[in-house]
1. Are any residues in segment 1-57 under 20 Å from Ala75 (Cα atoms), at pLDDT below 85 and not hydrophobic (A, V, I, L, M, F, W, C), and if so, which ones?
2. Going through segment 69-102 one residue at a time, which ones are of a type in the set (Gly, Ala, Ser) and part of a helix (DSSP H, G or I)?
3. Scan Ser108, Ser71 and give me the residue that is in contact (Cβ under 8 Å) with a residue 40 or more places away in the chain, hydroxyl-bearing (Ser, Thr, Tyr) and surrounded by 14 or more Cβ atoms within 10 Å (Cβ to Cβ).
4. From Glu142, Glu134, Glu162, which residue is open to solvent by 70 Å² or more (accessible area, probe 1.4 Å) and assigned to a strand (DSSP E or B)?
5. Might you let me know whether segment 21-37 holds any residue that is over 24 Å from the mean Cα position of the chain (by Cα) and either open to solvent by less than 70 Å² (accessible area, probe 1.4 Å) or not polar (S, T, N, Q) (or both)?
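The values are calculated or read from the model by the stated rules, or taken from the named source; none is laboratory data. Worth saying up front: this structure is predicted, and the values here are computed from it rather than measured. Cβ placement follows ideal geometry from the backbone for every residue including glycine, while neighbour counts extend to all protein chains displayed. Calculation scope for accessible area: heavy atoms of the full protein, side chains included, ligands and nucleic acids excluded. Shrake-Rupley method; radii C 1.70, N 1.55, O 1.52, S 1.80 Å.
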Amino acid sequence: MAKTKRKKSGKKPIKNKGMNVVLLDDISKLGQRGELKTVKPGYYTFLSKAKKVTAITKKNMHQLEDLKLMSLKRANKGKALSEALKLKVDGLVFRAGIKVGEHGEIYSSITKNDVKSFLAKEGIKIEKDHIELEHPIREICETSIKIHLGYENIGILRIIVEPEKSKTNT
């Protein structure tokens with residue numbers, strides 16, 4: 001059997017170099033506000049419609065410096081706030097009661113929503129995604145969990161889980 005040669009089509013693959021953009025907002029997995037990034041044209045279209053990026057042109061280069069300065073000030077303020085929250089969270093103790101049956105069966109658990117509600121009552125607004133709790137707590141125990149507060153600050157919240165006091169008079 002003889003090998004047959006394939007003819008090349010002559011078309012070169014199109015290389016998508018991307019577009020240089022300035023981030024107008026923080027975008028997860030891409031970067032912080034004011035950063036220069038290269039994105040593919042389709043992603044640029046998506047982000048520009050959401051008004052999260054602008055293309056770099058000669059006209060807006062001078063605005064870039066102002067944007068960088070503003071984002072630096074914002075980052076410094078956010079970092080200071082995050083450090084203050086860390087100190088506050090580190091000092092908190094969440095005492096939670098769970099329903100326990102006569103023979104020690106546990107009928108409820110402590111979830112991320114419970115932790116989020118507790119923090120909200122303490123004046124700390126945080127997303128559930130920032131609470132590091134793999135599984136709901138379903139036992140009487142004392143434990144600590146991590147709370148991601150941004151700018152690489154992680155607070156440690158102490159949780160004490162105890163049997164819920166019955167409301168019946170005996």
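1. Asp25, Asp26, Ser28, Lys29, Gly31, Gln32, Arg33, Gly34, Glu35
2. Here is the first cut: in segment 69-102, the ones of a type in the set (Gly, Ala, Ser) are 71, 75, 78, 80, 82, 84, 91, 96-97, 101.
If the condition is that a residue be of a type in the set (Gly, Ala, Ser) and part of a helix (DSSP H, G or I), then Ser71, Ala75, Gly78, Ala80, Ser82, Ala84 are the ones that fit.
3. Values: Ser71 fails: in contact (Cβ under 8 Å) with a residue 40 or more places away in the chain.
Exactly one residue qualifies, and that residue is Ser108.
4. Numbers: Glu134 fails: assigned to a strand (DSSP E or B); Glu162 fails: open to solvent by 70 Å² or more (accessible area, probe 1.4 Å).
Only one candidate passes the filter, namely Glu142.
5. The first filter runs over segment 21-37 and keeps only residues over 24 Å from the mean Cα position of the chain (by Cα), leaving none.
There is no residue in segment 21-37 that is over 24 Å from the mean Cα position of the chain (by Cα) and either open to solvent by less than 70 Å² (accessible area, probe 1.4 Å) or not polar (S, T, N, Q) (or both).
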